[in-house]
Amino acid sequence: MTTALPLPEAKRAALLLAFASAIGGSAGPIAIGTGGLVGMALLPKDQLALATIPVSAYILGSAAASIPAALLMRRVGRRNGFITGTAVGLAGALVVTLAISMGAFWPFCLGMVLVGCAGAFIQQYRFAAADAAEPAFKPRAIAWVMAGGVVTGVVGPQLAIHAQPLLPGAPLAGPFLALAGLFILAAIVLSRLKVPPPPPIDAVYTGRPLLQILLKPKFLVALLGAVSSYALMSLVMTATPLAMIEHHHSHADAQTGIQWHVIAMFGPSFFTGALISRFGKSTIAGTGLLLIAASATVALLGTSLWHFWGALVLLGIGWNFGFIASTAMVAELYRPQEAFRVQAMNEFILFSIVAIASFSSGGILVASGWTVVNLLVYPIVALSIALIIIQALVDRRRPPEAAAT
């Protein structure tokens, strides 16, 4: 049984999802680039260690909604589920806008959870594109959707800067008011999406037990690659704007750094799929992790503006390679009947750990400093690359049919 669309239709679906990601995905740069700064503005000085909680709340929302989002789409289909996600994001953006206007920190965090819940639906765009594609097109379909983030990398940080006049009395709320409009636009785009419907719920065959799939060494290695890439990126990126302010750089400098970081996260997507097809998933995932380690090295060499910006760019490219290649690994390890369950658990595990990394970031920065934040990158990268290499060697010694399972 296959859910793949003919190639022209699969390409159209991937492009529509990329466009929707470019619009709604702006929530990420706005939430991450602005969340910590808003937290600093709303908290007293003796509680600044809590400043990254809004960013963690955003990521926690993504983790908490990952399973419900997948189950909802299993019932109502991808398109209706994605549109529901934009409605949740719209509600969250309005709650955040109101909370910042009132100077209320914890309601601001609640709104960020709702915006993060919308992010759980956005993260499923890449799986929707992959599931609609034939095996040969899957890596490129995923990469096309991720490429929508190039627009996000420009729109999100620019809104964080230039939408502030929308609410003169509470300038930091302006970007979230603009984000509410973007969620409405994303819903209009998604209304044109056509992807295969989910398999019937009452089907006789529902696939293998979930635990059997999750405990396969190849799945665990793929999940580790995705988790390491995303969690390390989140740990360092969340701390970076605060570290830049601590080292006497301006808020505008921090937003510009996040902008180039997000562009670096998604810009390579135009050719990441081709690189995966040429060199293989394991090679590109390992390369991405090495680039993340290189970003930590640059950050440790100095605290000038160019050290921060250069580290953020390398961090973004490394995340792109590591995360897309690892997602492609996961996408080949389940059958159509198993897709929603495996994707939901994959996202839940991924974003739960990413939320922990983000939440820890502020505390580590305040308690131990910018140097320790970056030193934590090296052992995790080393372990992940070692296991990816071992799994690749095992696959080479097995028949192609066995290596794919």
Exercise. Give the residue, chosen from Val373, Val366, that is part of a helix (DSSP H, G or I) and modelled with pLDDT under 85.
Key: Val366
Practice problem: Considering only the range 244-254, state which residues are touching a helix residue (DSSP H, G or I) at 6+ places or on another chain (Cβ under 7 Å) and either more than 13 Å from Phe308 (Cβ to Cβ) or surrounded by fewer than 22 Cβ atoms within 10 Å (Cβ to Cβ) (or both). | Solution: Ile245, His249, His251, Ala252, Asp253
Quiz item: Does the range 54-67 hold any residues that are among the polar types (S, T, N, Q) and either at pLDDT 85 or above or touching a Pro at 6+ places or on another chain (Cβ under 7 Å) (or both), and which are they?
Solution: Ser62, Ser66
Quiz item: What do you reckon, is Phe321 surrounded by fewer than 20 Cβ atoms within 10 Å (Cβ to Cβ) and more than 18 Å from Gly156 (Cβ to Cβ)?
Solution: no
Self-check item: Pairs with Cβ under 7 Å, 6+ apart, first in the range 175-191 and part of a helix (DSSP H, G or I), second surrounded by fewer than 24 Cβ atoms within 10 Å (Cβ to Cβ) and charged (D, E, K, R)
Solution: Leu190/Arg79
Quiz item: Among Ala91, Ala136, which is surrounded by fewer than 24 Cβ atoms within 10 Å (Cβ to Cβ) and under 21 Å from Leu333 (Cα atoms)?
Solution: Ala136
Practice problem: Return yes when Phe351 is more than 16 Å from the chain's Cα centre (by Cα) and either of a type in the set (A, V, I, L, M, F, W, C) or modelled with pLDDT of 90 or more (or both) and no when it is not. | Solution: no
Practice problem: For the range 180-204, name all the residues that are at pLDDT below 85 and touching a helix residue (DSSP H, G or I) at 6+ places or on another chain (Cβ under 6 Å). | Solution: Pro198, Pro199
Quiz prompt | Residue check, Arg341 charged (D, E, K, R) and farther than 27 Å from Arg126 by Cβ | solution = no
Quiz item: Quick check: anything in the range 118-136 assigned to a loop (DSSP other than H, G, I, E, B), free of Cβ contacts under 8 Å to residues at least 40 places away in the same chain, out of contact with any strand residue (DSSP E or B) (no Cβ under 7 Å at 6 or more places or on another chain) and more than 19 Å from Trp260 (Cα to Cα)?
Solution: no
Quiz item: Does Leu177 count as under 26 Å from Ala64 (Cβ atoms) and either modelled with pLDDT under 80 or touching a helix residue (DSSP H, G or I) at 6+ places or on another chain (Cβ under 9 Å) (or both)?
Solution: yes
Quiz item: For the range 284-304, what are the residues that are of a type outside the set (S, T, N, Q) and surrounded by fewer than 18 Cβ atoms within 10 Å (Cβ to Cβ)?
Solution: Leu290, Leu300, Leu301, Gly302
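Residue-wise test of (1) in a loop (DSSP other than H, G, I, E, B); (2) under 23 Å from Phe359 (Cα atoms); (3) at pLDDT 95 or above; (4) of a type in the set (D, E, K, R).
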residue	(1), (2), (3), (4)
Thr238	no, yes, no, no
Ile245	no, yes, no, no
His261	no, yes, no, no
Met265	no, yes, no, no
Gly273	no, no, no, no
Ala296	no, yes, yes, no
Met329	no, no, no, no
Quiz item: Quick check: is even one residue across the range 203-214 over 17 Å from Arg335 (Cα atoms) and part of a helix (DSSP H, G or I)?
Solution: no
Exercise. Give Ala51, Ala27, Ala31, Ala13 a once-over and let me know the one that is touching a Ser or Thr at 6+ places or on another chain (Cβ under 9 Å), under 24 Å from Cys117 (Cβ atoms) and either modelled with pLDDT of 85 or more or surrounded by 20 or more Cβ atoms within 10 Å (Cβ to Cβ) (or both).
Key: Ala27
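One line per residue, one yes/no per condition, for (1) modelled with pLDDT of 90 or more; (2) out of contact with any Leu (no Cβ under 6 Å at 6 or more places or on another chain); (3) crowded, with 20+ Cβ neighbours inside 10 Å:
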site: Ala99; (1), (2), (3): yes, yes, yes
site: Cys109; (1), (2), (3): yes, yes, yes
site: Leu114; (1), (2), (3): yes, yes, yes
site: Phe127; (1), (2), (3): no, yes, yes
site: Ala132; (1), (2), (3): no, no, yes
site: Ile142; (1), (2), (3): no, yes, yes
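The values are calculated or read from the model by the stated rules, or taken from the named source; none is laboratory data. The structure presented is a predicted model; accordingly, all values stated were derived computationally and were not measured. For neighbour counting, all protein chains shown are included, and Cβ atoms are generated from backbone atoms with ideal geometry for every residue, glycine included.
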